[in-house]
Amino acid sequence: MSPPLKVAVYLYPKADVLDFSGPIEIYQHHHSSNPKEDIPPPFSVTTFAHHASITSSSSALVYTPNATFASVSAHILDYDILLLPGAHWDTITELIESAAGKEVSALIKRFADAKPREETGVRILQSVCTGSVLLAAAGVLAGRTATTHHLGLDMLKRVADEAAGGDAHVNVVRKRWVDAGTTEAGVRIVTAGGVSSGIDATLWIVEQTFGKEAAEFSAEIAEFERRSGAWGGEV
């Protein structure tokens, strides 16, 4: 039996709540409701951050991550999925320009350049909403099709071009999610549109990694009506 896919979710101050909590909700689901089936959870989720506690975009909510940025970064190649949530444009800009943002960019590049683990054969770089702008700043979207929140499409193109030092040849589209294909190392890049689109993208990833029945079961448990509107192929 294959080991669970390990998911690392980066949290940062003022990140949008649903951008990360929506995908985490889906990744935390078992794919069977039969308590007699001794089946391990399909995903193992770890949140990590540069801060000991995170105040999200909703100031009423404060999160404590599972691990530090340093600890996860040191072992990032042990993870199969790296998820970057989004935030308001100003927050994203501040993060990109900060020392922490530079470390995030380096982490994204290292993850995108590493072959999938032999144990799982899967490595996916996933973003939600303006989290794709963090991918653009790291230079991993050059020559690919990508999406983000519909109000941030121009920003995504601009940041990608800045990272490339010219035209990055990024095809920016307004879609619920985009399968941008794989890197030379075999890492698949999946970008989602705004907020709730992250749930659609995550269910698609579940379908590609564990099958349609597993994705439909997860959607049913979450009482979420799956929506189409993707760009790209299949894993």
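The values are calculated or read from the model by the stated rules, or taken from the named source; none is laboratory data. Because the structure is predicted, anything quoted here is derived from the model rather than measured. Note that we place each Cβ from the backbone using ideal geometry, even for glycine, and neighbour counts take in every protein chain shown.
The set of residues in the stretch 140-196 that are within 23 Å of V17 (Cβ to Cβ) and among the charged types (D, E, K, R) comprises R174, K175, R176. State which residue is surrounded by the most Cβ atoms within 10 Å (Cβ to Cβ) when the search covers only the stretch 89-107 and only residues that are over 15 Å from L11 (Cβ atoms) and of a type outside the set (S, T, N, Q). Across the stretch 89-107, the extreme among qualifying residues is I96.
Any chance the stretch 183-193 includes a residue that's assigned to a helix (DSSP H, G or I) and among the hydroxyl-bearing types (S, T, Y)? No - not one qualifying residue is present in the stretch 183-193.
Would you check if D154 is closer than 30 Å to P41 by Cβ, at pLDDT 95 or above, acidic (D, E) and out of contact with any Asp or Glu (no Cβ under 7 Å at 6 or more places or on another chain)? No: the conditions fail for D154.
Being more than 14 Å from the chain's Cα centre (by Cα) and modelled with pLDDT of 95 or more holds for only one residue in V140, V159, V128, V133, and it is V159. Mind telling me which of the residues E225, E234, E213 ends up being modelled with pLDDT under 95 and either assigned to a helix (DSSP H, G or I) or in contact with a Pro (Cβ under 6 Å, 6 or more places away or on another chain) (or both)? Result of the check over E225, E234, E213: E213. A search for C-beta distances below 8 Å between a residue of the stretch 68-87 that is touching a residue at least 12 places away in the same chain (Cβ under 8 Å) and among the hydroxyl-bearing types (S, T, Y) and any residue that is crowded, with 19+ Cβ neighbours inside 10 Å and part of a helix (DSSP H, G or I), counting only pairs 6+ apart in sequence or on different chains, returns S73/L107; Y79/V72; Y79/F111.
As a summary of the residue check, D167 satisfies the conditions (1) more than 23 Å from I92 (Cβ to Cβ); (2) part of a loop (DSSP other than H, G, I, E, B); (3) over 17 Å from the mean Cα position of the chain (by Cα) except for the one numbered (1).
Consider the stretch 44-58 and keep the residues that are more than 16 Å from the chain's Cα centre (by Cα) and surrounded by 19 or more Cβ atoms within 10 Å (Cβ to Cβ). The one that is modelled with the lowest pLDDT is S56. Remark: pairs (first residue in the stretch 199-228, free of Cβ contacts under 8 Å to residues at least 24 places away in the same chain and more than 23 Å from L125 (Cα to Cα); second residue hydrophobic (A, V, I, L, M, F, W, C) and buried (at least 18 other Cβ atoms within 10 Å of the Cβ); Cβ separation under 9 Å; 6+ apart in sequence or on different chains) = E225/A219. Filtering L61, L18, L11, L77 for residues that are in contact with a Pro (Cβ under 6 Å, 6 or more places away or on another chain) and either modelled with pLDDT of 95 or more or closer than 28 Å to R226 by Cβ (or both) leaves a single hit, L11.
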